[in-house]
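Remarks on the structure that follows.
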């Protein structure tokens, strides 16, 4: 049997998982959304089912597939030591975006304010002739 890593390494299987993450779907719905042939989708679903990443149930005359997230915990555990690298970069990105948003709001306020009246000049009086 393939490991969870091997199973999700295939891009079409990840696309299927992405779709099933939102809601359960039938094979025909997956075929339509993925624009793959029915045999190809069925093959990927079989691999995902063997890896216990999806469950299926019969509903009327169709089989519905839904995500089983439990095997993904293996991936999450493996990724945990690497999160610190993402967290630091995401925190820096967050600070940068906050600064840009603040600057944009300040610029919007400045452009929304009515223009200031030009400073008054003192009139020069002409000396009497």
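None of the figures in this text is laboratory data; all of them are computed from the coordinates on show. Keep in mind the model is a prediction, meaning the values are calculated, not measured. As a convention, Cβ positions derive from the backbone with ideal geometry for all residues, glycine included, and neighbour counts pool all protein chains shown.
Inspect region 4-17 for any residue being in a strand (DSSP E or B) and more than 19 Å from the chain's Cα centre (by Cα) and give the result as yes or no. Scanning region 4-17, I find no residue that is in a strand (DSSP E or B) and more than 19 Å from the chain's Cα centre (by Cα), so the answer is no.
Here is a check on your reading of the model: is residue 48 closer than 16 Å to residue 75 by Cβ, touching a strand residue (DSSP E or B) at 6+ places or on another chain (Cβ under 7 Å) and assigned to a helix (DSSP H, G or I)? Yes: the conditions hold for residue 48. Does residue 30 qualify as being surrounded by 12 or more Cβ atoms within 10 Å (Cβ to Cβ), free of Cβ contacts under 8 Å to residues at least 60 places away in the same chain, touching a helix residue (DSSP H, G or I) at 6+ places or on another chain (Cβ under 9 Å) and assigned to a loop (DSSP other than H, G, I, E, B)? Judged against the criteria, residue 30 is not a match.
What residue, among those in region 53-86 that are touching a residue at least 40 places away in the same chain (Cβ under 8 Å) and assigned to a strand (DSSP E or B), is surrounded by the fewest Cβ atoms within 10 Å (Cβ to Cβ)? The qualifying residue surrounded by the fewest Cβ atoms within 10 Å (Cβ to Cβ) is 66. Look at residue 108 and say whether it is assigned to a helix (DSSP H, G or I) and over 19 Å from the mean Cα position of the chain (by Cα). Spelling it out, residue 108 is indeed assigned to a helix (DSSP H, G or I) and over 19 Å from the mean Cα position of the chain (by Cα). Of the conditions (1) out of contact with any helix residue (DSSP H, G or I) (no Cβ under 8 Å at 6 or more places or on another chain); (2) touching a residue at least 24 places away in the same chain (Cβ under 8 Å), residue 43 satisfies every one except a single condition; which number is it? Residue 43 satisfies every listed condition except (2).
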